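Read through the structure below, which is laid out as structure tokens, and then see the notes.
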Amino acid sequence: MLKIGIAGARGLSTMMGFEAIEGVKVTALCDLREDFLNAQAKQYNIPHTYRVFEDMVASDIDAVVIATPMQLHVPQALTALSAGKHVLSEVTAAVTMDELWWLKEAVEKSGKTYMFAENYCYMPFTQLVKAMVEKGLFGDVYYGEGEYIHAVPSLATYPDGTYTWRKYWQLGVRGTFYPTHSLGPVMQWCPGDRVKTISTYTSGHHTGSGMRQDDSTVTMCQLASGKLVKIRVDCLSPRPHNMTGYALQGTQGAFESARSDGGKHLLWLDSFGETVERAQWRDLMDYTEYLPERYRNATAEQRAAGHGGGDFFLVADFVNAIRTGQPPEIDVYKACEWTAVGLLSQLSVMNNGKPIDVPDFRNAATIQSQEIRL
Ligand SMILES: NC(=O)c1ccc[n+]([C@@H]2O[C@H](COP(=O)([O-])OP(=O)(O)OC[C@H]3O[C@@H](n4cnc5c(N)ncnc54)[C@H](O)[C@@H]3O)[C@@H](O)[C@H]2O)c1
């Protein structure tokens, strides 16, 4: 039996995925808020509860899900890894560059599975585009866009007027500090590549949010191959949530995601046989024959999991990586690189958009090769 402990009692989005896998059980839940902890444990039938993370880690669980505020992700991951537990970490991976190096080193030393729970990479339509890229249907992919537009200033304050962690972290730091929902899927469409250089500009402060983060921020990412990726993060502008702002351009095709709820994801491929002058968008979801089999055959229960069923398959991949000892789909190197884009974007903003090199986490062995170069 693989026993899972979840830290952060709001983060039960992974619960359904774990419970559906034979030989896996969520046996422990941890949260500082005792009333909430007990209520959640009762509702989800989780037998053991802990207020203190270290106490849960000292128990007989095999793996932890870290779904606590983001400034706790690395300290808790280090505690868990050094106790020999596998880790599934919520986004972002860390809040400082040094934390990323500590994390990478701890994962390598532990030999345990660390997976980054970037669930937008698992949404059915992002997986469909990934599969089509792998089949070569877009030709040579050379440009991508990702946007995360979700107004959350209200989450920075508790009902009594005191501030939550989001005031200081998600919304308290300048730059595209929360980059992985926009960047992750696009990077999955550029397999084997990595972000080499970034440059970030902001819109400034217009909404009166009172947050340090600018209202809208754009980071341009140059990949090692020379490809270009643009990400926009906007957690403050007043407008409806748009969680699916993506685009992709290749030599033989293009993709534009739906711009709003209910809209269509648009696809054009050279293989449709139209001249470029007469090219017409088609509905991406008419091409689900390219979806990975497990998505095509997903049960109603799997589809009901968060993010269009993506949360279900993310958990399945984490468990599979633990059981096989193979690297997980979104490993610590991707976690560090994608998170670093946000952390370094702060430096770029503070230096008038100056380009900054992103270290190569897979290969930067010496402390000199980990330096940030302006
Ligand atoms: N992937 C996604 O789509 C997605 C969506 C929402 C949140 N998140 C991430 O999930 C994490 C949690 O976000 P949230 O919205 O649930 O935050 P939240 O503030 O609503 O909940 C965090 C929980 O962690 C508990 N907690 C705080 N310190 C703790 C500690 N030391 N030990 C144990 N528990 C502790 C709090 O009591 C609270 O119940 C964040 O990192 C966030 O970025 C990801």
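The values are calculated or read from the model by the stated rules, or taken from the named source; none is laboratory data. Since we're looking at a predicted model, the values are computed, not measured. Note that we place each Cβ from the backbone using ideal geometry, even for glycine, and neighbour counts take in every protein chain shown.
Select from region 208-243 the residues that are part of a loop (DSSP other than H, G, I, E, B), of a type in the set (Ser, Thr, Tyr) and buried (at least 16 other Cβ atoms within 10 Å of the Cβ) and list them in ascending order. Don't jump to the end; show me each part of the working.
Taking region 208-243 as the starting set, the residues that turn out to be part of a loop (DSSP other than H, G, I, E, B) are 208-216, 224-227, 235-241.
Restricting the remaining residues to those that are of a type in the set (Ser, Thr, Tyr) gives 209, 216, 225, 237.
Hits for region 208-243 are 209, 216.
Give me the residue from region 3-26 that is assigned to a strand (DSSP E or B) and either crowded, with 19+ Cβ neighbours inside 10 Å or at positive phi (or both) and, out of that set, nearest to the ligand (Cβ to nearest atom).
Applying the first criterion (assigned to a strand (DSSP E or B)) to region 3-26 yields 3-7, 24-26.
When the remaining residues are screened for being either crowded, with 19+ Cβ neighbours inside 10 Å or at positive phi (or both), the result is 4-7, 24, 26.
Numbers: 4: 15, 5: 11, 6: 10, 7: 5, 24: 20, 26: 15 Å.
Among those residues, the one meeting the criterion is 7.
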> Counting only residues that are over 21 Å from residue 301 (Cβ atoms), within 10 Å of the ligand (Cβ to nearest atom) and surrounded by 14 or more Cβ atoms within 10 Å (Cβ to Cβ), how many does region 34-52 have?
Replying inline: 2
> Among the residues of region 152-166, which ones are within 11 Å of the ligand (Cβ to nearest atom), buried (at least 18 other Cβ atoms within 10 Å of the Cβ) and of a type outside the set (A, V, I, L, M, F, W, C)?
Replying inline: 166
> Are there any pairs, at least 6 apart or on different chains, whose C-beta atoms fall under 8 Å, with the first in region 69-86 and at positive phi and the second away from the ligand (no atom under 15 Å from the Cβ) and not hydroxyl-bearing (Ser, Thr, Tyr), and if so, which?
Replying inline: 84/112
>> Against the conditions (1) away from the ligand (no atom under 15 Å from the Cβ); (2) not in a loop (DSSP other than H, G, I, E, B), where does residue 137 fall short? Just the number, please.
In response: (2)
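Using the structure shown, decide if residue 86 is more than 12 Å from the ligand (Cβ to nearest atom) and in contact with a Phe, Trp or Tyr (Cβ under 9 Å, 6 or more places away or on another chain).
Details: more than 12 Å from the ligand (Cβ to nearest atom): yes; in contact with a Phe, Trp or Tyr (Cβ under 9 Å, 6 or more places away or on another chain): yes.
Here the answer is yes, as residue 86 does meet what is asked.
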> Of all residues in region 284-294, which are under 27 Å from residue 12 (Cβ atoms) and either in contact with a Lys or Arg (Cβ under 9 Å, 6 or more places away or on another chain) or part of a loop (DSSP other than H, G, I, E, B) (or both)?
Replying inline: 291, 292
> Do any residues in region 13-34 that are over 14 Å from residue 304 (Cα atoms) and among the basic types (Lys, Arg) have Cβ atoms under 8 Å from those of residues that are more than 10 Å from the ligand (Cβ to nearest atom) and part of a strand (DSSP E or B), where the two are at least six apart or on different chains, and which pairs are they?
Replying inline: 25/2; 25/3; 25/4
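Which of the residues spanning region 180-219 are within 20 Å of the chain's Cα centre (by Cα) and free of Cβ contacts under 8 Å to residues at least 40 places away in the same chain?
Going through region 180-219, the residues within 20 Å of the chain's Cα centre (by Cα) turn out to be 180-198, 200, 213, 216-219.
The answer is 192, 193, 216.
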> Which of the following residues is within 19 Å of residue 1 (Cβ to Cβ), acidic (Asp, Glu) and either modelled with pLDDT of 95 or more or loosely packed, with under 15 Cβ neighbours inside 10 Å (or both): 60, 55, 31?
Replying inline: 60
> Within the bounds of region 115-133, is there any residue that is within 10 Å of the ligand (Cβ to nearest atom) and without any contact (Cβ under 8 Å) to a residue 12 or more places away in the chain?
Replying inline: no
> Is it true that some residue in region 104-111 is buried (at least 20 other Cβ atoms within 10 Å of the Cβ) and in contact with a strand residue (DSSP E or B) (Cβ under 7 Å, 6 or more places away or on another chain)?
Replying inline: yes
> Which of (1) under 20 Å from residue 312 (Cβ atoms); (2) more than 8 Å from the ligand (Cβ to nearest atom); (3) aliphatic (A, V, I, L, M) is the odd one out, the single condition residue 91 does not satisfy?
Replying inline: (2)
>> I'd like to know if region 342-358 contains one or more residues that are closer than 17 Å to residue 95 by Cβ and in a loop (DSSP other than H, G, I, E, B).
In response: yes
> Has region 146-160 got at least one residue that is modelled with pLDDT of 95 or more, of a type outside the set (Lys, Arg) and within 30 Å of residue 273 (Cβ to Cβ)?
Replying inline: yes
